[in-house]
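Trainee: This is the structure I have questions about; it appears just below.
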Amino acid sequence: MSLIVVEANSKKEIKQFIDFPHSLYEGDPHYVPELYLAQKEMFDRKKYPFYEYGDVQCFLAFKHGKLAGRIAAIKNKRYNDYHKSNVGFFGFYDFIDDQEVAQALFDHAKRWLAVEKYDALIGPTNFTTNETAGYLVDGFDGPPMIMMTYNKVYYDRIMKALGLTKEMDLFAYFIPSFEASEKSIKLSGMIEQRLQKQGITVRNINLKNFKSEVELIKKVYNEAWEDNWGFVPFTDSEFKHLADGLKMLADEKFAYIAEDNGEAVGFSISLPNVNEVTINFKKGRLFPFNIIRLLLNKNKVQSVRILATGVKEAYRRKGIEAIFFARNIQEARRRKLKGGEASWILESNDMMVKAAENLNGIKYRTYRLYRATL
């Protein structure tokens, strides 16, 4: 047969699975390779926290003897328990511009998941919505920000051809440092002064107390996001794994906690967009020299990504989100950065959309998750 799909289980096959995008995107100036060690860990059942409750099966497609695509079929029991739903997921779904290849991969993922008798499949999620998710469907004019996805333009066309429909769009807003609304920044300062009189303050995180700060953020995140589409609470081990992985990049001046008389009620975390550095790391390898390049250049990047923001429900519509955004822009200006990306923001999250737009944020990219009804 000219087209075959096989399970990827051995070390060699998983390495092929991880490395496939490097050949697919070869020559694409906007492609940023994922860090190999981080990707490798995701497929280590003994190390990666997702496997405490979920399961994954990877597949590779070969056409005329050449690797042509990949997909991961994903079972997420916590998602279904939390949402009282019955859905499976797919992720790491990459393929050449060939509907036959994409169809064969998707069919194999469906067959592997069929034993669960799911009502639908949702994706791409790698592996959960707490990680990277969605296909880029507009805004192909530059490299992605840190921990955001990038893909070929034809992906959306092929998803539609396979019969998948839009499940949810995720927006990315770029807020230029020196074109942000002065009126909104000034207003945020006035709001902050008013909230201080009520005992609500905003402070920078303290990396010297990293463990306790992470615990505060986790509690707020799991409460603040509980009603959002696709949300599933982080487990303790998942959040620790994520925090430990980002600690090297964390910057106190771009991370904030809102408190009401000492009780954490909101947070915002931004990270330097080190994709500006890692875009040149061949096949995402850090060693032996790229780790040094990353450490030396992480503070020389020209943009940041506002990675996550959460405010407890009782404290929303008080302007805390606007204060977070304004503080990010003020710090970016101080460092003479080009600006920051607020992402991702659910298309249904009117409050966060308004906060970004009030600062003259530009919706410049859209990412899409799809549903296949079974």
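Trainee: For L271, indicate whether it is of a type in the set (A, V, I, L, M, F, W, C), touching a helix residue (DSSP H, G or I) at 6+ places or on another chain (Cβ under 8 Å) and outside the structural domain of V32 (by TED's automatic domain parsing).
Mentor: Criteria met by L271.
Trainee: In this structure, does G340 turn out to be of a type outside the set (A, V, I, L, M), in the same structural domain as Q193 (by TED's automatic domain parsing) and within 30 Å of Y36 (Cβ to Cβ)?
Mentor: When the stated conditions are applied, G340 passes them.
Trainee: Ok, one more. Restricting to region 325-342, name every residue that is under 22 Å from E313 (Cβ atoms) and under 19 Å from the mean Cα position of the chain (by Cα).
Mentor: Across region 325-342, the qualifying residues are F325, A342.
Trainee: Which number in (1) at pLDDT below 95; (2) under 17 Å from the mean Cα position of the chain (by Cα); (3) of a type in the set (S, T, N, Q) marks the one condition that N360 misses?
Mentor: Result: N360 passes all but (2).
Trainee: Here is a follow-up. Could you run through region 1-39 and say how many residues are over 27 Å from I146 (Cα atoms) and under 21 Å from the mean Cα position of the chain (by Cα)?
Mentor: 0
Trainee: Determine which member of the set L271, L294 is in contact with an Asp or Glu (Cβ under 8 Å, 6 or more places away or on another chain) and either at pLDDT below 95 or among the aliphatic types (A, V, I, L, M) (or both).
Mentor: L271
Trainee: Quick one: would you say R317 is more than 13 Å from Y173 (Cβ to Cβ), among the charged types (D, E, K, R), in contact (Cβ under 8 Å) with a residue 12 or more places away in the chain and in the same structural domain as A243 (by TED's automatic domain parsing)?
Mentor: Taking the combined requirement at face value, the residue satisfies it.
Trainee: OK, next. State whether the residues of region 180-193 include one that is touching a helix residue (DSSP H, G or I) at 6+ places or on another chain (Cβ under 8 Å) and at pLDDT 95 or above.
Mentor: The answer is no, given that none of the residues of region 180-193 is touching a helix residue (DSSP H, G or I) at 6+ places or on another chain (Cβ under 8 Å) and at pLDDT 95 or above.
Trainee: Answer yes or no: is there a residue in region 184-200 that is touching a residue at least 24 places away in the same chain (Cβ under 8 Å) and within 26 Å of the chain's Cα centre (by Cα).
Mentor: no
Trainee: Considering only region 1-41, state which residues are over 24 Å from G245 (Cβ atoms), aliphatic (A, V, I, L, M) and modelled with pLDDT of 95 or more.
Mentor: L3, I4, V5, V6, L24
Trainee: Which members of region 176-194 meet the condition of being touching a strand residue (DSSP E or B) at 6+ places or on another chain (Cβ under 9 Å) and of a type in the set (D, E)?
Mentor: Those that are touching a strand residue (DSSP E or B) at 6+ places or on another chain (Cβ under 9 Å) and of a type in the set (D, E): E179, E192.
Trainee: Continuing with the same structure: Return the pairs, sorted by first residue and then second, in which the second residue is modelled with pLDDT under 95 and outside any loop (DSSP other than H, G, I, E, B), the first residue lies in region 20-32 and is surrounded by 12 or more Cβ atoms within 10 Å (Cβ to Cβ), the beta carbons are less than 6 Å apart, and the residues are 6+ apart or on different chains.
Mentor: Between residues of region 20-32 that are surrounded by 12 or more Cβ atoms within 10 Å (Cβ to Cβ) and residues that are modelled with pLDDT under 95 and outside any loop (DSSP other than H, G, I, E, B), the close pairs are H22/K283.
Trainee: State yes or no: is N299 exposed (fewer than 14 other Cβ atoms within 10 Å of the Cβ) and outside the structural domain of R78 (by TED's automatic domain parsing)?
Mentor: Yes; evaluated as a whole, the condition is true for this residue.
Trainee: Using the structure shown, decide if M147 is touching a Phe, Trp or Tyr at 6+ places or on another chain (Cβ under 6 Å) and at pLDDT 95 or above.
Mentor: Taking the combined requirement at face value, the residue does not satisfy it.
Trainee: Within region 150-175, track down each residue that is in contact (Cβ under 8 Å) with a residue 60 or more places away in the chain, of a type outside the set (A, V, I, L, M, F, W, C) and surrounded by fewer than 17 Cβ atoms within 10 Å (Cβ to Cβ).
Mentor: If the condition is that a residue be in contact (Cβ under 8 Å) with a residue 60 or more places away in the chain, of a type outside the set (A, V, I, L, M, F, W, C) and surrounded by fewer than 17 Cβ atoms within 10 Å (Cβ to Cβ), then G163, T165, K166 are the ones that fit.
Trainee: Let me ask something additional. Report the residue count in region 115-149 for those that are without any contact (Cβ under 8 Å) to a residue 40 or more places away in the chain and buried (at least 16 other Cβ atoms within 10 Å of the Cβ).
Mentor: Final tally of qualifying residues: 1.
Trainee: So, of the residues in region 211-239 that are surrounded by 13 or more Cβ atoms within 10 Å (Cβ to Cβ) and without any contact (Cβ under 8 Å) to a residue 40 or more places away in the chain, which turns out to be nearest to E167 (Cα to Cα)?
Mentor: Here the residue is E226.
Trainee: Is it the case that region 229-249 has a residue that's basic (K, R) and more than 19 Å from the chain's Cα centre (by Cα)?
Mentor: The answer is no; no qualifying residue exists.
The values are calculated or read from the model by the stated rules, or taken from the named source; none is laboratory data. Computed from a predicted model, the values in this text were never measured in an experiment. Neighbour counts run over all protein chains shown; Cβ positions are idealised from the backbone, glycine included.
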